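The block underneath contains the structure these notes are about, expressed in structure tokens.
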Amino acid sequence: MNQATREQAQHFLRQDERLVAACAYELGPGVPYPPESLLAPPEPPALSRRIEARIPRPLRQFVHAKALDPRLSRPAAAAEGVDRLPDAVDALGSRLLHGKSMEGGWESEAGRFLVSRANARGSVGGVLAVTDRRWFALTDVSPLWRSTPVMRQYWEVPRQAVSALRAGPRGVVQKGRMDIEFTDGSWVAVLASPASAARPFAEASVHHR
């Protein structure tokens, strides 16, 4: 286990909780991005909030009009669908090359994992950790100009919610591939970083059940 990764996870432990293992990771190729309609609006940066405070109220109301929200507007939802078309093509290509990368809908445990991750709006990589009580995941939400990571926890489930973590699943050739399998039958593919960390992390998560 990388010491820096372990230290990042340890900052989020609760009282009397014991860290079993932690692994740096990113999503596997072809894992879909959740629809914008399922995501919370991004929090505006401090500068944007100060500028918005100076805008006349009627104009602010127009900017935040529901007609621009794909969750509440059919035209906006249709536009979102067009914007997501290239993503669908990329996902198809990744699936043909790397195999399936997710099972389950957005209401499944795998789907909720991805929605929580997208809502955090963090870095591409992150940290996946397992303790004697739960699984949780972190992402770096620091601005690009900042060299020191600012980790935020965006997801957690009880240990019992994950039925297996399979390193190097049969039929795929991706180095470092791990499939997080949930008890509801859903799963999602991630890649360990470095790839050599996948099997030790998977074995540690099983041996300490």
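Please compute the net charge surrounding residue 134, taking Lys and Arg as +1 and Asp and Glu as -1 over other residues with Cβ under 10 Å from its Cβ. Cβ neighbours under 10 Å give a net charge of 0. Karplus-derived 3J(HN,Hα) values for region 173-183, using 6.51 cos²θ - 1.76 cosθ + 1.60 with θ = phi - 60°, are 10, 5, 6, x, 5, 9, 9, 8, 9, 9, 5 Hz; glycine and proline are entered as x.
Local charge for residue 199 was computed over the other residues whose Cβ lies under 15 Å away, with Lys and Arg +1 and Asp and Glu -1, and equals +2. Given R0 = 22 Å, the distance between the Cβ atoms of residue 160 and residue 18 translates into a calculated FRET efficiency of 0.85.
Coordinate-derived values only; no laboratory data. These figures come from a predicted structure and were not determined experimentally. All Cβ positions, even for glycine, are placed from backbone atoms using ideal geometry, and neighbour counts span all protein chains on display.
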